[in-house]
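Worksheet: the structure to be examined is printed underneath.
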Amino acid sequence: MSLSGVTDIDRTDACIRPLLCRGMDGRPDWPYLWFHRTEAKMTKPPLTLLLAAPRGFCAGVDRAIKIVEMAIDKWGAPVYVRHEIVHNKFVVDSLRDRGAVFVEHLDEVPADRPVIFSAHGVPKAVPAEAARRQMVFVDATCPLVSKVHIEAERHHADGLQMVMIGHDGHPETIGTMGQLPPGEVVLVETVADVAGLQVRDPSKLAFITQTTLSVDDTADIVAALQARFPAIVGPHKEDICYATTNRQAAVKEIAPRIDALLVIGAPNSSNSKRLVEVGRAAGCGYAQLVQRATEIDWRALEGSRSVGITAGASAPEVLITEVLDAFLDRFDAVVELVETARETVEFKVPRVLRVPT
Ligand code: SF4
């Protein structure tokens, strides 16, 4: 897609501004010259935009948003959502406009209104409490997060203690650790954490991971765990999901060809932050997270000939279009799609939303 356009200097000749800027004697005065110099400088600089693919929404996010929309259609507003359904302000605000109410704790939800649990997953105690209060609830936990929950339970049933590789305080980590009784899952965030790890029995261990981690950093942590605990059991392939893996691979592909990388995503979106880190680790000197076009630091991009654009799994395509439009306003830009994988994954919404009331 070539998006090069007419330069501003082309338009200057037909512009009435030079007439307005002539002095009383009809000769150009200084504003006239200033306009011409300014508009000459406004000729758009050339730029190549490398648009990563895959980028943006994954199947788990798509499903979670559909769940909220269908719940509002089915039960009417308000429908409560425990925690941001996905980590993106634009998405959350749009759903709020349709009648979703976002809360952090279940006890903020009236017992007679439906509640949805976010895509990140929740500790077991949360649906148990909703059931105790006889609430209508729908679990929007991504099936790939649920798969990790099931893995943890299976290892626990086999008598293994779990080491979770993840980020302390992230809702997915809290949800996964909350599948088992306290002390049954210990958390490591870095290779350094592995050295100080205290476990019950080094011969009875398994590891699980958050789904949105850096593939490379996680491989280092897994290697450190295996070196220290040779008997540790793990998944055949780590638990990092297909969407996280694919988006990171696309960034690695474009990184050698770009002067700067913009990742569209929220500051609390784990997979978006990892994309920034992956870009930097792959040699991109300037890699920045932006929520919207208004956050782009244009000064930092001065002199760039080639900029990479990608988006975290919770960022909608409309925000990517907004960022591309902002570039096209300022640059004579050519957009090149760099596709490293095709995604066909889809998840069904829960049955309760598919059947008529
Ligand atoms: Fe599911 Fe991966 Fe998307 Fe998270 S990033 S919602 S685990 S598909």
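Okay, here's what the table says:
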quantity: Taking the chain and dividing mean pair separation by its residue count, relative contact order in percent (alpha carbons under 8 Å, at least six apart); calculated: 25 percent
quantity: Flagged links, alpha-carbon separation over 30 Å, of Lys204/Lys348; Lys89/Lys147; Lys273/Lys348; Lys89/Lys348; Lys204/Lys273; Lys66/Lys124; calculated: Lys204/Lys348; Lys204/Lys273
quantity: Residues Leu213, Leu180 arranged by fewest to most Cβ contacts within 10 Å; calculated: Leu180, Leu213
quantity: Reduced Cα scattering model of segment 59-143, Debye log10 I(q)/I(0), q = 0.20 Å⁻¹; calculated: -0.83
quantity: Charge context of Leu213, other residues only, Cβ under 9 angstrom, K/R +1, D/E -1; calculated: -2
quantity: Most mobile listed residue (Gly234, Gly169, Gly279) in the chain, GNM with C-alpha springs under 10 Å; calculated: Gly169
quantity: Rg to Rh quotient for segment 81-232, alpha carbon positions, Kirkwood Rh; calculated: 1.03
quantity: Compactness of the chain, expressed as Rg and Dmax over alpha-carbon positions, Å; calculated: 25.4, 95
quantity: Choice from Gly303, Gly175, Gly56 showing the highest fluctuation, given a GNM over the chain with Cα pairs closer than 10 Å; calculated: Gly303
quantity: Distance between segment 61-109 and segment 214-277 - C-alpha centres, whole angstrom; calculated: 28 Å
quantity: Gyration tensor (alpha-carbon) shape descriptor, segment 146-228, a/c threshold 1.5; calculated: oblate
quantity: Extension gain, Glu129 back to Glu339 (0.36 nm per residue minus Cα-Cα distance, nm); calculated: 71.2 nm
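Read-outs: derived from the displayed coordinates by stated rules, not from any lab. No experiment lies behind these values; they were computed from the predicted model shown. Cβ: placed from backbone, ideal geometry, glycine included. Neighbour counts: every protein chain shown.
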